[in-house]
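Undergrad: The structure is given below, and queries will be raised subsequently.
The values are calculated or read from the model by the stated rules, or taken from the named source; none is laboratory data. Please read these numbers as outputs of a predicted model, since none were measured by experiment. Here the Cβ positions follow ideal geometry from the backbone for every residue, glycine too, while neighbour counts run over all protein chains shown. With ligands, DNA and RNA removed, areas are computed over all heavy atoms of the protein, side chains included. Shrake-Rupley method; radii C 1.70, N 1.55, O 1.52, S 1.80 Å.
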Amino acid sequence: MIKYKMKLFCLSVVLIAGVMCTPVFAQVSFGRSELFNENWLFYLGDDSTAAATTFDDSKWRQLDLPHDWSIEGKLSPSLASCTGYLPGGVAWYRKHFNVSVSASEKLFIYFEGIYNRSSVYLNGHLLGYRPNGYVSFMYDLTPYLVDGANIISVRVDHSRSADSRWYTGSGIYRDAYLIKSSQIHLAQWGTSYELTELSGDKAVVAVNYSVFSEIPVKEKLEVLVSLSDPSGKQVAKGKSGINVNSGKISNSSLSIKLLRPHLWSIDDPYLYTVHIQLLRGGSPIDDCIISAGLRTIQFDPDRGFFLNGKNMKLKGVCLHHDAGVLGSVVPEEVWERRLGNLKSMGVNAIRMAHNPQAPVLYTLCDRLGLMIIDEISDEWEFPKRKWIEGWNIGTPGFQGSYDFFEEWIEQDITDMVLRDRNHPSVILWSIGNEVDYPNDPYSHPVLDGSAINQPMFGGYRPEAPDARRIGLIAKRLAAKVRSIDTSRPVTGALAGVVMSNETEYPGAIDVVGYNYTEDRYDMDHEKYPGRVIYGSETSVGYRQWKAVLDRDFISGQFLWTGTDYLGESGRWPSRGLYTGLLDLGSFRKPRGWFRASLWSDNPVTYIGTYPSPAGRNARFLSIDAWDTWNYEEGQMIKVVCYTNAPFARLLLNEKIVGEKIAYDQESGVIGWDIPFYPGELTAEGCDANGNIQSRYTIQTTGRPYALRVSADKTVFTHERSVVHLTVEILDEAGRVVNLGDNDITCTVAGPARLLGLEASDNTDMTNYSDNHQRAFRGRVLAYIAAARGPGDVTVRFSSPLLKGTEIVIKNDTK
């Protein structure tokens, strides 16, 4: 059965359309939309009368969305470590707005995400309740609109603040939109594409679309579809009709032919533009524009993963949705920089850990050429342990999303698949993460056996929920996904493979993810020859990668994690988990350099250092060594080199101090022990003849002397622009003092504002809402956002006893 499913995926060639990140369509696929983010009122607290139109909100705080109130809170050791020692609570948002009501028009409000348990009211009338904090949703405002002044009120209940194992944020933390349409319009998320034929010079694309009508007559409408290349040239078109009935969604499709199709890939993320028009009596009444990428995917139980017929390994990372000091409000430019930094290391895939994320992230992956596992949930019908006092220690809590699972899971999955199915980047639908962790909460008699070789909370517990329930739920959720989209396989990330093998769970899904279970790859491949296996969550070590690289049948791996994240913290002081290839400011860490030496197609060489260990650890070669060259003279130092060159050698002050050593196939790391002397230390990656392929140099530095600022861009191009400013501490010779930890102050003059200062120090629990921050590893990252108003922006940085610096950002937001 699994082989048959894989054959289907092998033969199915799918045209996937990625929705453009633009306020015109706002991912709803119909109508005319506008951002609804400005001039909201906010109150942190609860008031049962706050939905009433007569409620006095004159003293509430005014702000613009998106907004995360948790990140504004005070870090406290009395709060839960699972959420990074930041608070939750209950809060209200209200917005006053004016409209002219028209009998022929509809008005909707669309939220990309509210964390969580939100209730939305219009003029005192409840529009709906949505407990999931990650899904996007929409309400029809029309029945309760009045001509003139109206009030939207939103209650957000995150009083169960320790409801996740990591930081979630609180509030309306993604964009909100108003959508205006006619009474007949394309349905929300109602358009999809399937490539039914593909040859070397021709493609046939089936365009499926849905139309909703509220006009009390039956009639036939026309649908026009055109496909354009990136230059705007139309390359294909088609026309079809559709019969619509009042109060119903009508479905239809048409096929269009495309000559010389250009496929989407990770190296060439080619995107077409699809324009869909709905016509009534020859006149357009609705339309939708989407960007579209054509590609094929295949998973084979023996040969792994194929994109467009090309066999490749999934070189993936797991990502949570926060960005350190910014919390869960992450601007597009911040995501783009982070994804670009990950791709520069050789990353080609992202696993959404462990929920649907902001629409802009999927659009960026379409554009940058990154594949996605889209995941619905970390929890099913029972709660998991949430670490309150520290990570995996202390007394756990049991808050979570389990209480609304049964009522909402199928709707949540439906909305995830409908919203995201038109992205070429999405290659797998995941129905859950680690829902099968042994005794957290499910149990099975197999846990008392000797074959268990993975983490678990003790042996078999008869009083715990029966693990066989997992298989039944998995079958139901997988069937729901397939009822909407059959162009991609269904997956799940298994934490208790031994236990799950005793259930129907692995058989219910098409591609089986193994979390931290590399030692079962061979035995399970032999026992279940039709099973497609990949590492859905793995450590960053060399052994874990070799387990993938040496086995054709393993499709790839997803590292935990791509970047450091808030929550899942250890004992105070600890903001989050420090496992990322990138730090909280999206700078590459040593382990990021190590992973680049394994994954990048470009030449890579890096050196890090630490005092030479003694005894049993003398031969240990770390993948977390920082590039520092400041020690006591004569002290023995371990120098480690991460490179993809066949050999490496070490030079100090241009003299060889480490002879050429071949790449270590057992550890992936080359190492030398040398006495410290100040100066310039260089590693050269070279071939067998000594020809240099790449090099990396570190220097002994003096005391902090001055600050230097650099920018990823120096122009605000639109009103939502964000600029990244990197502030470094220099010595008198202009070298970066990466041991510098001076306190740096930022001041902004002009139409811009400081979003936050991120030094990426996981143990720094000071106030992050002010304009100064202690540097870490010799630098601080400043996020500067454009604000309304004319004129350029000057950003200044100062620190006691150091020479300050400044930079001018041009304002071109007109």
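Undergrad: Run the dipole for region 503-558 about the Cα centre, Lys and Arg Cβ at +1, Asp and Glu Cβ at -1, nothing else charged, and hand back the magnitude in debye, nearest 20.
TA: Details: 6 positive and 10 negative charges, 24 e Å.
With Lys and Arg at +1 and Asp and Glu at -1, about 120 debye.
Undergrad: So if R0 is 41 Å, what FRET efficiency would S240 and K814 give, r being the distance between their Cβ atoms, rounded to the nearest 0.05?
TA: Numbers: r = 42 Å, r/R0 = 1.02.
That pair, S240 with K814, gives E of 0.45.
Undergrad: Calculate, for S104 and D302, the FRET efficiency according to 1/(1 + (r/R0)^6) with r their C-beta to C-beta distance and R0 56 Å; round to the nearest 0.05. The partial results should precede the final answer.
TA: Numbers: r = 59 Å, r/R0 = 1.05.
The calculated FRET efficiency here is 0.40.
Undergrad: Semi-axes of region 641-714's equivalent ellipsoid from the Cα gyration tensor, sqrt of 5 times each eigenvalue, largest first, rounded to whole Å? Before the final figure, lay out the partial values.
TA: Details: eigenvalues 149, 62, 26 Å².
Working from the Cα gyration tensor, I get semi-axes of 27, 18, 11 Å.
Undergrad: Give me the net charge for the shell around V548: Cβ to Cβ below 11 angstrom, other residues only, Lys and Arg +1, Asp and Glu -1. Present the calculation step by step, with values, prior to reporting the outcome.
TA: Values: positive: K313, K315, R543, K546, R551; negative: E518, D550, D552.
Result for the local shell: +2.
Undergrad: So what is the relative contact order for region 663-814, in percent, with contacts set as C-alpha pairs under 8 Å and at least six apart? Can you show the working numbers first?
TA: Values: 328 pairs, mean separation 37.3, N = 152.
Relative contact order of region 663-814: 25 percent.
Undergrad: Next question. Taking every Cα atom in region 725-764, find the radius of gyration and the maximum pairwise distance Dmax, and write them in Å.
TA: Taking only Cα atoms of region 725-764, I get Rg and Dmax of 12.7, 35 Å.
Undergrad: Another question, then. What whole-number value in Å² describes the accessible area per residue of region 128-265 for a 1.4 Å probe? Before the final figure, lay out each step's value.
TA: Working: 5470 Å² over 138 residues.
Heavy-atom accessible area per residue stands at 40 Å².
Undergrad: Give me the percent of accessible area attributable to carbon and sulfur for the chain, probe 1.4 angstrom.
TA: Working: 15430 of 31000 Å².
Answer for the chain is 50 percent, counting heavy atoms of protein chains only.
Undergrad: Also: Counting only protein chains, not ligands or nucleic acids, how are V548, V99 ordered by accessible area (probe 1.4 Å), most first?
TA: Values: V548 0, V99 25 Å².
Descending order: V99, V548.
Undergrad: Plugging the Kirkwood radius over Cα pairs into Stokes-Einstein for region 669-814, at a temperature of 10 °C and a viscosity of 1.306 mPa s, what D comes out in µm²/s?
TA: Details: Rh = 17.3 Å.
Diffusion coefficient, whole number: 92 µm²/s.
Undergrad: Residues in region 228-256 near a label at E410, defined as backbone nitrogen under 19 Å from the 7 Å Cα→Cβ point?
TA: 249
Undergrad: Leaving ligands and nucleic acids out of the surface, order R160, R337 by accessible area at 1.4 Å, largest first. Let's see the in-between values first.
TA: Values: R160 85, R337 45 Å².
If we order R160, R337 from most to least accessible, we get R160, R337.
Undergrad: Shifting gears a bit: About the Cα centre of the chain, how large is the charge dipole given +1 on each Lys and Arg Cβ and -1 on each Asp and Glu Cβ? Please answer in debye to the nearest 20.
TA: Numbers: 83 positive and 95 negative charges, 258 e Å.
So the dipole magnitude of the chain works out to roughly 1240 debye.
Undergrad: With N residues in the chain, what two-decimal value do you get for its Cα radius of gyration over 2.2 N^0.38 Å?
TA: Values: Rg = 27.5 Å, N = 814, 2.2 N^0.38 = 28.1 Å.
Rg over 2.2 N^0.38 Å, computed on Cα atoms: 0.98.
Undergrad: So what is the orientation-averaged projected area of region 77-172, using the convex hull of its C-alpha atoms, in nm²? Can you show the working numbers first?
TA: On the way: hull surface 25.3 nm².
For the Cα atoms of region 77-172, the hull's average projected area reads 6.3 nm².
Undergrad: In addition: Working with all protein chains in place, sort Y521, Y437 by solvent-accessible area computed with a 1.4 Å probe, largest first. Kindly include the intermediate steps, with their values, before the conclusion.
TA: Details: Y521 0, Y437 50 Å².
Largest accessible area first, the list is Y437, Y521.
Undergrad: Do any trypsin sites (Lys or Arg not before Pro) in region 490-573 lie in a DSSP loop with no more than 13 other beta carbon atoms within 10 Å, and if so, which? Provide the component values of the computation, followed by the final result.
TA: Values: sites: R520, K527, R531, R543, K546, R551, R571; in loops: R531, R551, R571.
Filter output for region 490-573: R571.
Undergrad: Round to the nearest 10 and give me the degree value, 0 to 90, for the angle of helix 2-11's Cα axis relative to the longest principal axis of the chain.
TA: 80
Undergrad: Tell me which GluC sites (Glu not before Pro) from region 115-223 have a DSSP coil assignment and no more than 16 other beta carbons within 10 Å of their own. The partial results should precede the final answer.
TA: Values: sites: E194, E197, E214, E219, E222; in loops: E214.
Filter output for region 115-223: E214.
Undergrad: Okay, next question. Taking θ = phi - 60°, what integer Hz values does the Karplus form 6.51 cos²θ - 1.76 cosθ + 1.60 yield along region 393-404, in sequence order, with x for Gly and Pro?
TA: Once θ is set to phi - 60°, the couplings for region 393-404 become 9, x, 9, x, x, 9, 6, x, 9, 4, 5, 10 Hz.
Undergrad: Got a sec to turn the phi values of region 562-567 into Karplus ³J(HN,Hα) couplings, 6.51 cos²θ - 1.76 cosθ + 1.60 with θ = phi - 60°, whole Hz, x for Gly and Pro?
TA: x, 9, 4, 8, 6, x
Undergrad: What spacing in nm lies between the two simple spin-label points modelled at E666 and L801, each 7 Å away from Cα in the Cβ direction?
TA: Between E666 and L801, the label points sit 4.7 nm apart.
Undergrad: 5 Å is the cut-off here: which amide hydrogens, built 1.01 Å from N in the peptide plane, fall below it relative to G740, excluding neighbours closer than 5 in sequence?
TA: G778
Undergrad: Compute the FRET efficiency between D624 and F382 as 1/(1 + (r/R0)^6), taking r as their Cβ-Cβ distance and R0 = 56 Å, and round to the nearest 0.05. Write out the running numbers ahead of the final one.
TA: On the way: r = 36 Å, r/R0 = 0.64.
So the FRET efficiency works out to roughly 0.95.
Undergrad: Return the tail of the calculated pair distribution for region 364-495, meaning the percent of Cα-Cα pairs more than 20 Å apart. Before the final figure, lay out each step's value.
TA: Details: 4561 of 8646 pairs.
It works out to 53 percent of all Cα pairs.
Undergrad: Can you flag which of K237/K313; K233/K814; K106/K475; K180/K248; K202/K480 are past 30 Å Cα-Cα?
TA: Values: K237/K313 36 Å; K233/K814 28 Å; K106/K475 38 Å; K180/K248 19 Å; K202/K480 33 Å.
Exceeds cut-off: K237/K313; K106/K475; K202/K480.
Undergrad: Okay, next question. Which value, in Å² rounded to 10, gives the accessible area of Y402 with a 1.4 Å probe and all protein chains present?
TA: Estimated to the nearest 10 Å², Y402 gives 80 Å².
Undergrad: If I fit a long axis through the Cα atoms of helix 468-484 and take the longest principal axis of the Cα atoms of the chain, what angle between them do I get, 0 to 90°, rounded to 10?
TA: On a 0 to 90 degree scale, this one is about 60.
Undergrad: Averaged across orientations, what area in nm² does the convex hull of the alpha carbons in region 253-373 project?
TA: On the way: hull surface 42.8 nm².
Result: a mean projected hull area of 10.7 nm².
Undergrad: Could I ask something else about it? With the dipole of the chain worked out from charges on the C-beta (+1 for Lys and Arg, -1 for Asp and Glu) around the Cα centre, which of Q183, N653, Y85 lies farthest toward the positive end?
TA: Q183
Undergrad: Another question about this same structure. Around T609, with a cut-off of 11 angstrom between Cβ atoms, what is the net charge of the other residues, counting Lys and Arg +1 and Asp and Glu -1? Mind dumping the intermediate values first?
TA: Numbers: positive: K638; negative: D627, D673.
With Lys, Arg at +1 and Asp, Glu at -1, the net is -1.
Undergrad: Using only Cα atoms, find the angle between the long axis of helix 332-343 and the longest principal axis of the chain, and express it within 0 to 90 degrees, rounded to the nearest 10.
TA: Approximately 50 degrees, to the nearest ten.
Undergrad: Further, regarding this structure: Report the charge-dipole magnitude of region 155-221 in Debye, nearest 20, computed about the Cα centre from +1 at each Lys and Arg Cβ and -1 at each Asp and Glu Cβ.
TA: Details: 8 positive and 8 negative charges, 55 e Å.
Roughly 260 debye, rounded to the nearest 20.
Undergrad: Considering the Cα trace of region 459-592, what is its radius of gyration and what is Dmax, both in angstroms?
TA: 17.2, 47
Undergrad: With N set to the residue count of region 540-647, report its C-alpha Rg divided by 2.2 N^0.38 Å to two decimal places.
TA: Working: Rg = 15.8 Å, N = 108, 2.2 N^0.38 = 13.0 Å.
So region 540-647 has a normalised radius of gyration of 1.22.
Undergrad: Sticking with this structure for a sec: Roll a 1.4 Å probe over the protein chains and send me the accessible area per residue for region 541-656 in Å².
TA: Numbers: 4440 Å² over 116 residues.
Dividing the accessible area of region 541-656 by its residue count gives 38 Å².
Undergrad: Can you check how the C-alpha radius of gyration of region 581-706 compares to 2.2 N^0.38 Å, as a plain ratio? The partial results should precede the final answer.
TA: Details: Rg = 14.2 Å, N = 126, 2.2 N^0.38 = 13.8 Å.
For region 581-706, the normalised Cα radius of gyration comes out at 1.03.
Undergrad: Net charge near G390: determine it from the other residues with C-beta under 15 Å of the C-beta of G390, scoring Lys and Arg +1 and Asp and Glu -1.
TA: Values: positive: R165, R385, K386, R571, R575; negative: E389, E568.
After counting each charged neighbour, the total is +3.
Undergrad: Could you tell me the relative contact order of the chain? Use alpha-carbon pairs under 8 Å, at least six residues apart, and round to a whole percent.
TA: Values: 2197 pairs, mean separation 84.0, N = 814.
Here the relative contact order equals 10 percent.
Undergrad: Loop only per DSSP, at most 10 neighbouring Cβ atoms within 10 Å: give me the GluC sites (Glu not before Pro) in region 584-676, ordered by residue number.
TA: On the way: sites: E632, E633, E654, E659, E666; in loops: E632, E633, E654, E666.
For GluC sites (Glu not before Pro) across region 584-676 that sit outside H, G, I, E and B with at most 10 neighbouring Cβ atoms in 10 Å, the list reads E632, E633, E654, E666.
Undergrad: Next question. Tell me the mean residue ellipticity at 222 nm calculated for the chain from its helices only (DSSP H runs of n ≥ 4, each -39500 (n - 2.57), averaged over every residue, nearest 500). Walk me through the numbers before you get to the answer.
TA: Details: 10 runs with 98 residues, N = 814.
So the helix-based figure for the chain works out to -3500 deg cm²/dmol.
Undergrad: Now for a separate question. Reachable aspartates and glutamates from K239, Cα under 14 Å, same-chain residues fewer than 8 places away excluded?
TA: List returned: E222, D287.
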